[in-house]
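Quick notes on the structure that follows.
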Amino acid sequence: MSPSKDREAAELFAVLYPGLAGWCRRLVDDDGTAHEVASEAFARLWLRWSSVEEPRGFLYVTAANLVRDHWRRTDRERRALRRAGTEAALARQQEGAETAVPVRLVVQSMPERLRTVVLLYNFADLPVRDIASLTKRKEGTIRGDLHAAREYLRAVLGERCDHTR
């Protein structure tokens, strides 16, 4: 990268990293993992720096994918622990995280097309227009997916989850 591109990248990092790391923290409930995810998203941005038109959107979509991979890996580890007969170790590992887990697990269990729009809309605070652009889908489709996601949350959680803007 040229010196001006290096400076631009450093400024972007200074502006966007704290928010991205905080967003990841809410999703994974662990500071270390959140910072790893945010850092990896930036590393992937640097690799594609010249071809990315919307860095903020790229970062949040990449982080959402990395978080999804983290959840999948965590789920595989849990299943392996259960198979090995270490339920007690799993319970100790989960102590203290009960309050944040249910909603996160429900979001994790959503179909990918719903989960992606929920993460980008509710957690990354991206408007429908930007989500449509990033996912290459129509705004009406995104609104429909958000509605379906709210209905999914209502059905699973049994409460009113109306977070419209």
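Any read-out appearing in this document is the output of simple, stated calculations on the displayed coordinates, not a laboratory observation. Since we're looking at a predicted model, the values are computed, not measured. Cβ placement follows ideal geometry from the backbone for every residue including glycine, while neighbour counts extend to all protein chains displayed.
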- What area, in nm² and to one decimal, does the C-alpha convex hull of region 13-64 cast on average over all directions? 3.1
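Could you list 23, 46, 71 so that the one with the fewest beta carbons within 10 Å of its beta carbon is first and the one with the most is last? Walk me through the numbers before you get to the answer.
Details: 23 22, 46 12, 71 18.
Starting with the residue having the fewest Cβ neighbours, the order is 46, 71, 23.
Determine, for each peptide in 105-111, 134-140, 60-66, 146-152, the mean count of other beta carbons within 10 angstrom over its residues, then list the peptides with the highest first.
Details: 105-111: 16.0, 134-140: 13.4, 60-66: 22.0, 146-152: 17.6.
Ranked by mean Cβ neighbours within 10 Å, highest first: 60-66, 146-152, 105-111, 134-140.
Assuming R0 = 35 Å, can you tell me the calculated FRET efficiency for the pair residue 78 and residue 53, based on Cβ-Cβ distance, to the nearest 0.05?
Working: r = 38 Å, r/R0 = 1.10.
With a Förster radius of 35 Å, E is 0.35.
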